[in-house]
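Some notes on the structure that comes next.
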Amino acid sequence: MTEPLHPAASHHLPSFITAPGETDWLMVIMAVFLAVAVLMFGILFFRLHSLPERMAHRTHKLQFEIVAVLCLISLFTHMHIFWIAGLLLALIDLPDFGTPLSRIATSAEKIAGIEASEATLQEAPETVAPTSPVDKKGEASVETDAASRKAEGPSGPPTKPELARARQKEPLDA
(Lines give C-alpha, C1' and ligand atoms only; values in the text may rest on other atoms or scores of the structure.)
Protein backbone atom coordinates (compact mmCIF):
# COMPACT_ATOMS: atom_id res chain seq x y z
CA MET A 1 0.00 0.00 0.00
CA THR A 2 2.01 2.92 -1.29
CA GLU A 3 -0.82 5.41 -1.37
CA PRO A 4 -1.36 7.49 1.69
CA LEU A 5 -4.26 6.45 3.87
CA HIS A 6 -7.37 8.51 4.19
CA PRO A 7 -7.25 10.60 7.34
CA ALA A 8 -10.45 8.94 8.66
CA ALA A 9 -9.00 5.41 8.11
CA SER A 10 -7.53 3.42 10.93
CA HIS A 11 -3.74 3.36 10.98
CA HIS A 12 -3.66 -0.32 11.92
CA LEU A 13 -5.34 -2.30 9.10
CA PRO A 14 -5.61 -6.12 9.42
CA SER A 15 -3.34 -8.19 7.18
CA PHE A 16 -6.24 -9.72 5.21
CA ILE A 17 -7.27 -6.34 3.76
CA THR A 18 -5.66 -5.94 0.35
CA ALA A 19 -5.09 -2.96 -1.81
CA PRO A 20 -7.10 -2.53 -5.00
CA GLY A 21 -5.78 -4.73 -7.83
CA GLU A 22 -3.94 -7.19 -5.55
CA THR A 23 -4.85 -10.86 -4.89
CA ASP A 24 -7.10 -11.49 -1.95
CA TRP A 25 -5.35 -14.50 -0.36
CA LEU A 26 -7.96 -14.98 2.34
CA MET A 27 -10.68 -15.37 -0.29
CA VAL A 28 -8.56 -17.88 -2.25
CA ILE A 29 -7.83 -19.91 0.90
CA MET A 30 -11.49 -19.87 1.92
CA ALA A 31 -12.60 -20.93 -1.61
CA VAL A 32 -10.23 -23.92 -1.52
CA PHE A 33 -11.39 -24.78 2.02
CA LEU A 34 -15.06 -24.59 0.94
CA ALA A 35 -14.43 -26.84 -2.10
CA VAL A 36 -12.61 -29.42 0.04
CA ALA A 37 -15.33 -29.24 2.75
CA VAL A 38 -18.14 -29.81 0.20
CA LEU A 39 -16.22 -32.71 -1.37
CA MET A 40 -15.57 -34.33 2.03
CA PHE A 41 -19.22 -33.87 3.06
CA GLY A 42 -20.33 -35.55 -0.20
CA ILE A 43 -17.97 -38.48 0.38
CA LEU A 44 -19.23 -38.83 3.97
CA PHE A 45 -22.85 -38.67 2.76
CA PHE A 46 -22.37 -41.39 0.12
CA ARG A 47 -20.38 -43.63 2.47
CA LEU A 48 -23.08 -43.29 5.11
CA HIS A 49 -25.78 -44.12 2.56
CA SER A 50 -23.90 -47.24 1.42
CA LEU A 51 -23.16 -48.40 4.98
CA PRO A 52 -25.95 -51.06 5.11
CA GLU A 53 -24.95 -52.36 1.69
CA ARG A 54 -21.30 -52.69 2.70
CA MET A 55 -22.32 -54.41 5.96
CA ALA A 56 -24.47 -56.96 4.09
CA HIS A 57 -21.75 -57.57 1.51
CA ARG A 58 -19.03 -58.07 4.13
CA THR A 59 -21.04 -60.71 6.01
CA HIS A 60 -22.31 -62.42 2.81
CA LYS A 61 -26.00 -62.00 3.65
CA LEU A 62 -28.68 -63.59 1.48
CA GLN A 63 -30.64 -60.35 1.45
CA PHE A 64 -27.71 -58.31 0.04
CA GLU A 65 -29.54 -57.29 -3.13
CA ILE A 66 -32.62 -56.14 -1.20
CA VAL A 67 -30.42 -54.03 1.07
CA ALA A 68 -28.64 -52.51 -1.94
CA VAL A 69 -31.95 -51.58 -3.58
CA LEU A 70 -33.27 -50.03 -0.35
CA CYS A 71 -30.10 -47.93 -0.06
CA LEU A 72 -30.50 -46.68 -3.63
CA ILE A 73 -34.16 -45.86 -3.10
CA SER A 74 -33.34 -43.90 0.05
CA LEU A 75 -30.55 -42.05 -1.77
CA PHE A 76 -32.78 -40.88 -4.62
CA THR A 77 -36.00 -40.26 -2.70
CA HIS A 78 -34.49 -38.87 0.55
CA MET A 79 -36.94 -41.02 2.52
CA HIS A 80 -34.93 -42.21 5.49
CA ILE A 81 -37.27 -45.11 6.27
CA PHE A 82 -35.79 -47.08 3.34
CA TRP A 83 -32.26 -46.56 4.69
CA ILE A 84 -33.35 -47.69 8.16
CA ALA A 85 -35.06 -50.77 6.67
CA GLY A 86 -31.88 -51.56 4.72
CA LEU A 87 -29.77 -51.15 7.85
CA LEU A 88 -32.05 -53.47 9.82
CA LEU A 89 -31.99 -56.08 7.04
CA ALA A 90 -28.20 -55.85 6.92
CA LEU A 91 -27.99 -56.49 10.66
CA ILE A 92 -30.48 -59.40 10.74
CA ASP A 93 -29.32 -62.83 9.66
CA LEU A 94 -32.17 -64.51 7.75
CA PRO A 95 -32.14 -68.32 7.76
CA ASP A 96 -31.20 -70.10 4.53
CA PHE A 97 -34.11 -72.32 3.53
CA GLY A 98 -33.01 -72.78 -0.07
CA THR A 99 -29.96 -74.97 0.45
CA PRO A 100 -31.63 -77.61 2.65
CA LEU A 101 -34.66 -77.76 0.36
CA SER A 102 -32.49 -78.22 -2.73
CA ARG A 103 -30.52 -80.96 -0.96
CA ILE A 104 -33.79 -82.69 -0.08
CA ALA A 105 -34.93 -82.41 -3.70
CA THR A 106 -31.65 -83.85 -4.98
CA SER A 107 -31.86 -86.75 -2.52
CA ALA A 108 -35.48 -87.46 -3.44
CA GLU A 109 -34.55 -87.50 -7.14
CA LYS A 110 -31.72 -89.94 -6.44
CA ILE A 111 -34.03 -92.25 -4.48
CA ALA A 112 -36.64 -92.13 -7.24
CA GLY A 113 -34.01 -92.92 -9.85
CA ILE A 114 -34.60 -89.67 -11.71
CA GLU A 115 -31.61 -87.77 -12.98
CA ALA A 116 -31.18 -84.54 -11.04
CA SER A 117 -32.45 -81.47 -12.84
CA GLU A 118 -30.04 -78.68 -13.78
CA ALA A 119 -31.64 -76.22 -11.35
CA THR A 120 -31.15 -78.64 -8.46
CA LEU A 121 -27.57 -79.35 -9.45
CA GLN A 122 -26.73 -75.65 -9.69
CA GLU A 123 -28.17 -74.83 -6.28
CA ALA A 124 -26.53 -77.67 -4.39
CA PRO A 125 -23.45 -78.93 -6.23
CA GLU A 126 -21.97 -80.48 -3.09
CA THR A 127 -24.75 -83.07 -2.90
CA VAL A 128 -24.06 -84.60 -6.32
CA ALA A 129 -21.71 -87.58 -6.36
CA PRO A 130 -18.38 -86.73 -7.99
CA THR A 131 -17.69 -88.23 -11.38
CA SER A 132 -14.53 -90.18 -12.09
CA PRO A 133 -11.85 -88.29 -13.99
CA VAL A 134 -11.27 -89.26 -17.61
CA ASP A 135 -7.84 -90.75 -18.31
CA LYS A 136 -5.66 -89.74 -21.22
CA LYS A 137 -7.08 -92.70 -23.13
CA GLY A 138 -10.26 -90.68 -23.46
CA GLU A 139 -13.48 -92.47 -24.15
CA ALA A 140 -11.94 -95.94 -24.03
CA SER A 141 -11.60 -95.67 -20.25
CA VAL A 142 -15.22 -94.54 -19.98
CA GLU A 143 -16.36 -97.60 -21.94
CA THR A 144 -14.31 -99.95 -19.74
CA ASP A 145 -15.74 -98.28 -16.63
CA ALA A 146 -19.27 -98.83 -17.92
CA ALA A 147 -18.50 -102.50 -18.75
CA SER A 148 -17.03 -103.10 -15.27
CA ARG A 149 -20.07 -101.53 -13.64
CA LYS A 150 -22.41 -103.81 -15.58
CA ALA A 151 -20.40 -106.81 -14.47
CA GLU A 152 -20.65 -105.76 -10.83
CA GLY A 153 -24.43 -105.47 -10.94
CA PRO A 154 -26.83 -102.57 -10.69
CA SER A 155 -25.43 -99.66 -8.72
CA GLY A 156 -28.49 -97.42 -8.77
CA PRO A 157 -31.61 -97.68 -6.66
CA PRO A 158 -33.76 -100.76 -7.20
CA THR A 159 -36.53 -100.44 -9.72
CA LYS A 160 -40.16 -101.28 -9.00
CA PRO A 161 -40.06 -104.87 -10.38
CA GLU A 162 -36.99 -105.64 -8.25
CA LEU A 163 -38.73 -104.25 -5.17
CA ALA A 164 -41.81 -106.39 -5.89
CA ARG A 165 -39.68 -109.56 -6.19
CA ALA A 166 -37.86 -108.74 -2.95
CA ARG A 167 -41.17 -108.26 -1.13
CA GLN A 168 -42.54 -111.56 -2.43
CA LYS A 169 -39.52 -113.44 -1.06
CA GLU A 170 -39.98 -112.00 2.43
CA PRO A 171 -41.98 -114.27 4.78
CA LEU A 172 -45.29 -112.93 5.88
CA ASP A 173 -45.62 -112.95 9.65
CA ALA A 174 -49.00 -112.36 11.14
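The values are calculated or read from the model by the stated rules, or taken from the named source; none is laboratory data. Keep in mind the model is a prediction, meaning the values are calculated, not measured. Cβ sites come from the backbone with ideal geometry, for glycine too, and all protein chains shown count toward neighbours. Surface accessibility is based on the protein's heavy atoms, side chains included, excluding ligands, DNA and RNA. Shrake-Rupley method; radii C 1.70, N 1.55, O 1.52, S 1.80 Å.
Okay, here's what the table says:
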| read-out | value |
| --- | --- |
| ³J(HN,Hα), Karplus 6.51/-1.76/1.60, whole Hz, each residue of region 70-77, x for Gly, Pro | 4, 5, 5, 4, 5, 5, 8, 9 |
| Stretchable slack from VAL32 to PHE16, in nm (0.36 nm times residue separation minus alpha-carbon distance) | 4.1 nm |
| Carbon plus sulfur fraction of accessible area for region 1-74, probe 1.4 Å, in percent | 73 |
| Fully extended contour minus Cα-Cα distance, from LEU48 to ILE104, at 0.36 nm per residue | 16.0 nm |
| Value of Rg to Rh for region 1-103 (Rh from inverse mean 1/r over Cα pairs, i.e. Kirkwood) | 1.48 |
| Per residue Cα convex hull volume in Å³ - calculated over region 6-55 | 98 |
| FRET efficiency, HIS80 to PHE41 (Cβ-Cβ, R0 22 Å, nearest 0.05) | 0.80 |
